[in-house]
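S.K.: Structure in structure tokens, see below.
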Number of protein chains: 4
Amino acid sequence: MAKVKVGVAGYGVIGQRLADGVALQEDMELVGVADVAPTLSIRALRERGMPYALYTALPEKKGDLEAAGIPVSGTLEDLVQKVDVMLDATSAGVGAKNKELYTKYGKKAIFQGGEKNDVADVFFHGYANYEKGLDAQFLKLTSCNTTGLIRAVDCIDRKAGVEKVAITIIRRVADPGDYHRGLTNALQVDKAPSHQAVDLMTIMPHVNATGILVHTPVTHGHIITIVMTPKKDISADEALKYFDDHPRIRVVSLDEGFLGNASLFRYARDLGNPRGDMYEIALWKDTVVKSEGDIMFAINIPQESVTIPESIDGIRAVMGMQKDRIEATNTTNKYLGIGKWKDLS
Amino acid sequence: MAKVKVGVAGYGVIGQRLADGVALQEDMELVGVADVAPTLSIRALRERGMPYALYTALPEKKGDLEAAGIPVSGTLEDLVQKVDVMLDATSAGVGAKNKELYTKYGKKAIFQGGEKNDVADVFFHGYANYEKGLDAQFLKLTSCNTTGLIRAVDCIDRKAGVEKVAITIIRRVADPGDYHRGLTNALQVDKAPSHQAVDLMTIMPHVNATGILVHTPVTHGHIITIVMTPKKDISADEALKYFDDHPRIRVVSLDEGFLGNASLFRYARDLGNPRGDMYEIALWKDTVVKSEGDIMFAINIPQESVTIPESIDGIRAVMGMQKDRIEATNTTNKYLGIGKWKDLS
Amino acid sequence: MAKVKVGVAGYGVIGQRLADGVALQEDMELVGVADVAPTLSIRALRERGMPYALYTALPEKKGDLEAAGIPVSGTLEDLVQKVDVMLDATSAGVGAKNKELYTKYGKKAIFQGGEKNDVADVFFHGYANYEKGLDAQFLKLTSCNTTGLIRAVDCIDRKAGVEKVAITIIRRVADPGDYHRGLTNALQVDKAPSHQAVDLMTIMPHVNATGILVHTPVTHGHIITIVMTPKKDISADEALKYFDDHPRIRVVSLDEGFLGNASLFRYARDLGNPRGDMYEIALWKDTVVKSEGDIMFAINIPQESVTIPESIDGIRAVMGMQKDRIEATNTTNKYLGIGKWKDLS
Amino acid sequence: MAKVKVGVAGYGVIGQRLADGVALQEDMELVGVADVAPTLSIRALRERGMPYALYTALPEKKGDLEAAGIPVSGTLEDLVQKVDVMLDATSAGVGAKNKELYTKYGKKAIFQGGEKNDVADVFFHGYANYEKGLDAQFLKLTSCNTTGLIRAVDCIDRKAGVEKVAITIIRRVADPGDYHRGLTNALQVDKAPSHQAVDLMTIMPHVNATGILVHTPVTHGHIITIVMTPKKDISADEALKYFDDHPRIRVVSLDEGFLGNASLFRYARDLGNPRGDMYEIALWKDTVVKSEGDIMFAINIPQESVTIPESIDGIRAVMGMQKDRIEATNTTNKYLGIGKWKDLS
């Protein structure tokens, strides 16, 4: 079977990881990536020897790239014509503009969470509503927090039903290496309900959700606490077992040394994972408590990489590569190496 | 009527504020404070001209204080004999030892939250269980987070009943000026349920409580999100009105400029409050949301000063100065200047 | 003698402190302050009972202030007409615009460090070039880092001469309560030489200066290390003695408990200083080292309040209140309570 | 020629990187690593499939490792017998104890900077005093800051001579993933002169050095500013050229996007370097300034990985693998992939 041809627009924090993730899929071919300026990410691509061909999204700025010694293989429009599907990880708003190009050439595209919902036909999550993405032209992925959150809620929902959730998002305020945003010795509060709770209800309309988001001055990994009311009464241990069985959830404990979000980043670095990334969300065993019918627990969201698997699931859906949710996500997982470690336990 | 004579053991973050708070009570007399070494707080007391007499808790180390130019008025044992009640704000464990001295002279004492519960006859909160403290010899105050949390929960409980709460404590990890503890670019997770949830159930045994605590690298003000299930259905607006009527809760909004915990500290400084302290907890109007029967909201706990009013309430209880909860707390509030600002609204 | 009438434009971090500082000068009268919106600072002014009359700099926005319950006494133009001198602490660029108003009414004005140098006739420092400010119409104050730095350099220069300095500014990146700027887990480097080194040479043209500035994620107090080459060889102890004799330099030590910039903020709070402010720079005794002919040492700059005394010196200069540098600065110091604590040592 | 057999004691932040670095040397064989408990690093080793054999330094605790599913190949004493040289990266003080074992079996060992100088015969730096390490039994490496600092100072010293340096170390306070130490919203000052300045004089006794160290709340990369007085007058451009020619110094600029220490960490991650590590120090072109005869500039020290190359140089020295400093360091560089990128420029 011919490999599905994929391009990536926007080679930033997410775009780089999408490119790496697609390159690992044996049934896909990464045709190239597009960006506009000699950013550090592009300079690193060059220092790595240009493993991915670079296309320019702003042909008039091509000279800036070449002046920095970076070879350019063509324009974004060239790239679009060569692929079956584009992953659009450009800055918020640019994706909507790029969509015109994708439409012009009748290509499929998957937008990241920063775009407005109406950029796409379907608001998509690989586990929660894979079927809705089948053969669609345009998908929008859930944001990093929502992607990880839905993994956990969908996991229990399929076992015991979920009536409602109330979430507290303890948000990392900036990515490592960001200087243009940041917070210093402050916790910042957002207007409630948080968009993640609202988005969860869009994807899982049978669940009632609300939530509060607080920004904190750290760079590695959001933490979300979730107060969940299952429809069927389950024990903390049952919940834990369901989580442990999910390929994209890593159950960890304080005793093992996972004391917080920084432990997970350190662990991923020590694993030798490229960039110290982790695709799984982590869930702390020691935080799972039951109070009356509610289950409360805390998860860690590796914001830079968590949406990569669900984005690749999206390619499988729009291209109809697998019709079945489990078959699709398992294929993505296999090529990304997700869940291998579970065999060790 | 003779003023009640009060001493403070431990002149650190809390002890200094207890001394200042007692000094403002017109029906109390601050006899003196006790400490052991020429800390910055003691050096500041000297630079201020010794408004409070200093007693030494370690007579053999008196020379260190005098070498730093700090006059010493006697020993902790001397101080105990001169007072009716001691406020013990020493480091965890020292209070239990000091208790022998208080027992020896038949004096009353109020311990701060760091001590174990069994140090005292009653685990005390000025609003939630004032009556239990009446005429007791030894009280232990709730910790800073628990004190503020109970204000909010008790406030609704007296209006609509509270069946259960699930809390997420976003904890500041160190006080301003701490170097011996700290956290850098990490969120640290504690084993659940948090002690604050357990403590709430000790004080309010009819409420079911659980919670998760996450430490964050900031110094000003814990933030707690609370998912509360009232017994009687109330709207978000009703909840807000009850909060707004509570003397020790300050309802604030993002629109006014209160964007997070740092805004409250800045505002208290701009008010000219000594040390930039605030006795009230703040509650963000913009975070109060209703989801099915639950009310969810976020509060700010000024950790350095929040327990001062309830500690003074404790003096009123153990000394029998007021028999009535409202009369007692209102008297404390009046002398501390709490709630005056509500008249402006 | 009639008091000098002073107005303050811009009631933010610096403006509030200028107003408080002027209000303490027995030979000055604070006529009022001007601002544009119901910021937290203005809301605090109201909660304090309007100790200072408020004028609006944007008459068309007066309604916003009144809607927040804040009484308005007139316009900035009204205020300018009532005063002898304006202290302009508005955001960068606004001062240059306000200057037209000051010029229209022939009033004197002193601008803060954020404005461009050409806004004023004289670039001013109370200790280093007081005489240049005498009877000038417009002064621009040095910025917070430069003000503190020049105190230390001028102090040695008047005793031993200073040939050159090389400074490293370890800059706090935001003020307490700031959310619009910040830095998270990063040190940010600026292009060298830093403007503070260049500004020092403008004020003290006989000194050669260079420097590097690094932004750090903290809110309280810049730290500057200074490598200074005196013209006359002096010992570390001699340098220390000169510093200790300077009214606006507070020599502190690690042994006393001053472990870093946060200790100084804590100490100022414990002193009961309004807002926890300190007017003095601190200099760590334990950092003063000599290497060949150079003296190296570290100072702390309390960025929110350090320029207040030199700004008030500026009023004395432009109004000719004192002709002599020492007489002027001593008068400022007396009313601000600076140096009193030195008598304790 | 037989490969040199190397063991690593202590598989923490440094030990892991030493093991990885040695494994890359084609003329060395990594026999195994030793540690005591199932830390996260050891758990990661297991999840990676045990690429390195693990020996236990505490045989009585072997059960803890096995209980965590980690296979143990023997004891530290077993490991020592199998190797030619041990790299000791255990916690401070443990190395001195391990030395008894190394002595017992007549093995060579190289200790990291945390040990006391008298643990070894030679205090070593690959570039500055390689010859002293030749055929020695015990070396102690310079600490991370000193290693990077000496690269830069030695680089100029060999071209123009260096008379003196005055350094300001802006130190990251904790490594990513540390919770046991940390600093929150504070800059902490150490007693001067810093040990790094003193250590530099031990290695380079003809240079006069002093310095001040300030701890800052970040985790990635110390920054050091250096005021250097060369013996021979050189321009900033000449200095820059010398730095650029040094294999272990990476000259970067703000314009390229290297805005601070977090940019370098991000760039190393984007390069795909394991753990996001970088062996080179970075030097900001934009900070190199000349003032009278002095050259001032700022460098970045990647604290987790910077000592790895010089540690491997140490193996070459003690084993007499190369007699020449340049030949030895170039061989280390070749196998670590250092300097390859320079060909791109």
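The values are calculated or read from the model by the stated rules, or taken from the named source; none is laboratory data. If you're wondering where the values come from, they're calculated on a predicted model, not measured in any experiment. Note: ideal-geometry Cβ built from the backbone for every residue, glycine included; neighbour counts use all protein chains shown.
S.K.: Let me confirm something: among C:ILE156, C:ILE170, which residue is in contact with a helix residue (DSSP H, G or I) (Cβ under 8 Å, 6 or more places away or on another chain), β-branched (Val, Ile, Thr) and in the same structural domain as C:GLY221 (by TED's automatic domain parsing)? Before the answer, list the steps.
M.R.: On the way: C:ILE170 fails: in contact with a helix residue (DSSP H, G or I) (Cβ under 8 Å, 6 or more places away or on another chain).
Residue meeting the stated conditions: C:ILE156.
S.K.: Let me ask something else about it. Checking C:VAL153 against (1) in a loop (DSSP other than H, G, I, E, B); (2) of a type in the set (A, V, I, L, M); (3) away from chain B (no Cβ under 14 Å): exactly one of these is not met. Which one?
M.R.: (1)
S.K.: Let me ask something additional. Go through the range D:306-338 and report how many residues are part of a loop (DSSP other than H, G, I, E, B) and either more than 29 Å from D:GLY106 (Cα to Cα) or polar (S, T, N, Q) (or both). Steps first, answer last, please.
M.R.: Step one: filter the range D:306-338 for residues part of a loop (DSSP other than H, G, I, E, B), giving D:306, D:319-324, D:337-338.
Within this subset, residues satisfying the condition of being either more than 29 Å from D:GLY106 (Cα to Cα) or polar (S, T, N, Q) (or both) are D:322, D:337-338.
The number of residues fulfilling the criteria is 3.
S.K.: Kindly indicate whether B:GLU238 is out of contact with any Leu (no Cβ under 9 Å at 6 or more places or on another chain), away from chain C (no Cβ under 14 Å) and modelled with pLDDT under 95.
M.R.: Values: out of contact with any Leu (no Cβ under 9 Å at 6 or more places or on another chain): yes; away from chain C (no Cβ under 14 Å): yes; modelled with pLDDT under 95: no.
Against the criterion (out of contact with any Leu (no Cβ under 9 Å at 6 or more places or on another chain), away from chain C (no Cβ under 14 Å) and modelled with pLDDT under 95), B:GLU238 does not qualify.
S.K.: Can you confirm whether the range B:285-294 contains a residue that is assigned to a loop (DSSP other than H, G, I, E, B) and in contact (Cβ under 8 Å) with a residue 60 or more places away in the chain?
M.R.: Filtering the range B:285-294 for residues assigned to a loop (DSSP other than H, G, I, E, B) gives B:288, B:292-293.
Okay, now just the ones that are also in contact (Cβ under 8 Å) with a residue 60 or more places away in the chain, so B:293.
Checked against the condition, which is being assigned to a loop (DSSP other than H, G, I, E, B) and in contact (Cβ under 8 Å) with a residue 60 or more places away in the chain, the range B:285-294 yields at least one hit.
S.K.: Oh, and also: What single numbered condition from (1) buried (at least 22 other Cβ atoms within 10 Å of the Cβ); (2) touching a Leu at 6+ places or on another chain (Cβ under 6 Å); (3) within 7 Å of another protein chain (Cβ to nearest Cβ) fails to hold for C:PHE124?
M.R.: Looking at each condition in turn, C:PHE124 falls short on (3).
S.K.: Of the residues B:ALA89, B:ALA57, B:ALA37, which single one is of a type in the set (Gly, Ala, Ser), within 13 Å of another protein chain (Cβ to nearest Cβ) and either closer than 28 Å to B:PHE138 by Cα or more than 22 Å from the chain's Cα centre (by Cα) (or both)?
M.R.: B:ALA37
S.K.: Scan (1) touching an Asp or Glu at 6+ places or on another chain (Cβ under 6 Å); (2) on the phi > 0 side of the Ramachandran plot for the single condition C:VAL13 breaks and write down its number.
M.R.: (2)
S.K.: Something else now. So which residues in the range A:262-288 are more than 27 Å from D:GLY21 (Cα to Cα) and at the interface with another protein chain (Cβ under 7 Å from one of its Cβ atoms), if there are any at all? Step through it out loud before you land on a result.
M.R.: Initial filter on the range A:262-288 (more than 27 Å from D:GLY21 (Cα to Cα)): A:280-288.
Once the filter is applied, which keeps residues that are more than 27 Å from D:GLY21 (Cα to Cα) and at the interface with another protein chain (Cβ under 7 Å from one of its Cβ atoms), the range A:262-288 yields A:TRP284, A:ASP286, A:THR287.
S.K.: I've got another one for you. Looking at A:VAL198, A:VAL189, which is the one that is on the phi < 0 side of the Ramachandran plot, among the aliphatic types (A, V, I, L, M) and surrounded by 19 or more Cβ atoms within 10 Å (Cβ to Cβ)? Explain how you work it out, then say what you get.
M.R.: Working: A:VAL198 fails: surrounded by 19 or more Cβ atoms within 10 Å (Cβ to Cβ).
Criteria check complete, one pass: A:VAL189.
S.K.: Take C:LYS61 and tell me if it is surrounded by 16 or more Cβ atoms within 10 Å (Cβ to Cβ), in the same structural domain as C:GLN137 (by TED's automatic domain parsing) and either modelled with pLDDT under 95 or not aliphatic (A, V, I, L, M) (or both).
M.R.: On the way: surrounded by 16 or more Cβ atoms within 10 Å (Cβ to Cβ): no; in the same structural domain as C:GLN137 (by TED's automatic domain parsing): yes; either modelled with pLDDT under 95 or not aliphatic (A, V, I, L, M) (or both): yes.
So C:LYS61 does not fit the description; no.
S.K.: Against the condition crowded, with 19+ Cβ neighbours inside 10 Å and not assigned by TED's automatic domain parsing to the domain that holds D:GLN137, how does D:LEU336 come out, does it pass? Talk me through it step by step, then tell me what you get.
M.R.: Working: crowded, with 19+ Cβ neighbours inside 10 Å: yes; not assigned by TED's automatic domain parsing to the domain that holds D:GLN137: no.
No.
S.K.: Given the conditions (1) in contact with a Leu (Cβ under 9 Å, 6 or more places away or on another chain); (2) of a type in the set (Ser, Thr, Tyr); (3) away from chain C (no Cβ under 14 Å), which single one is not true for B:THR332?
M.R.: (1)
S.K.: Would you point out the residue of the range B:207-238, among those that are surrounded by fewer than 23 Cβ atoms within 10 Å (Cβ to Cβ) and aliphatic (A, V, I, L, M), that is nearest to the chain's Cα centre (by Cα)?
M.R.: B:VAL207
S.K.: Failed condition for D:TRP341, given (1) surrounded by 19 or more Cβ atoms within 10 Å (Cβ to Cβ); (2) part of a helix (DSSP H, G or I); (3) not charged (D, E, K, R), with all others met?
M.R.: Going through the list (1) surrounded by 19 or more Cβ atoms within 10 Å (Cβ to Cβ); (2) part of a helix (DSSP H, G or I); (3) not charged (D, E, K, R), D:TRP341 breaks only (1).
S.K.: With the structure loaded, tell me whether C:LEU254 is of a type outside the set (S, T, N, Q) and assigned to a helix (DSSP H, G or I) or whether it fails that test. Full working, then the answer.
M.R.: On the way: of a type outside the set (S, T, N, Q): yes; assigned to a helix (DSSP H, G or I): no.
No, not satisfied.
S.K.: Could you check the range C:22-34 and list, in sequence order, the residues that are under 19 Å from C:VAL80 (Cα atoms), within 14 Å of another protein chain (Cβ to nearest Cβ) and not β-branched (Val, Ile, Thr)?
M.R.: Selection gives C:ALA23 alone.
S.K.: For the range C:160-211, which positions are within 14 Å of chain B (Cβ to nearest Cβ) and not in a loop (DSSP other than H, G, I, E, B)? Walk me through how you get there before you give the answer.
M.R.: Of the residues in the range C:160-211, the ones within 14 Å of chain B (Cβ to nearest Cβ) are C:172-187.
Correct list: C:ARG172 only.
S.K.: Same structure, new question: Could we say that B:GLY114 is surrounded by 19 or more Cβ atoms within 10 Å (Cβ to Cβ), in the same structural domain as B:ALA136 (by TED's automatic domain parsing) and within 26 Å of the chain's Cα centre (by Cα) here?
M.R.: Judged against the criteria, B:GLY114 is a match.
S.K.: Could you please let me know if C:SER305 is over 17 Å from the mean Cα position of the chain (by Cα) and hydroxyl-bearing (Ser, Thr, Tyr)?
M.R.: Numbers: over 17 Å from the mean Cα position of the chain (by Cα): no; hydroxyl-bearing (Ser, Thr, Tyr): yes.
No; evaluated as a whole, the condition is false for this residue.
S.K.: So which residues in the range A:131-150 are in a helix (DSSP H, G or I) and within 16 Å of A:GLY211 (Cβ to Cβ)? Working first, answer last.
M.R.: Within the range A:131-150, the subset in a helix (DSSP H, G or I) is A:131-133, A:144-150.
If the condition is that a residue be in a helix (DSSP H, G or I) and within 16 Å of A:GLY211 (Cβ to Cβ), then A:CYS144, A:ASN145, A:THR146, A:THR147, A:GLY148, A:LEU149, A:ILE150 are the ones that fit.
S.K.: Do we find a residue being more than 30 Å from B:ARG43 (Cα to Cα), part of a helix (DSSP H, G or I) and modelled with pLDDT of 95 or more anywhere in the range C:221-234? Can you show your working first?
M.R.: The initial filter retains those residues of the range C:221-234 that are more than 30 Å from B:ARG43 (Cα to Cα), namely C:227-234.
After this cut, where a residue has to be part of a helix (DSSP H, G or I) as well, the list is none.
The answer is no; no qualifying residue exists.
S.K.: Here's something else I'd like to know. Taking the range A:6-29 as the search range and keeping residues that are more than 24 Å from A:GLY93 (Cα to Cα) and hydrophobic (A, V, I, L, M, F, W, C), which one is farthest from the chain's Cα centre (by Cα)?
M.R.: Within the range A:6-29, the match that is farthest from the chain's Cα centre (by Cα) is A:MET28.
S.K.: Return the residues of the range C:158-186 that are out of contact with any strand residue (DSSP E or B) (no Cβ under 8 Å at 6 or more places or on another chain) and either small (Gly, Ala, Ser) or within 30 Å of C:HIS206 (Cα to Cα) (or both); say none if nothing qualifies.
M.R.: Within the range C:158-186, C:ARG158, C:LYS159, C:ALA174, C:GLY177, C:GLY182 qualify.
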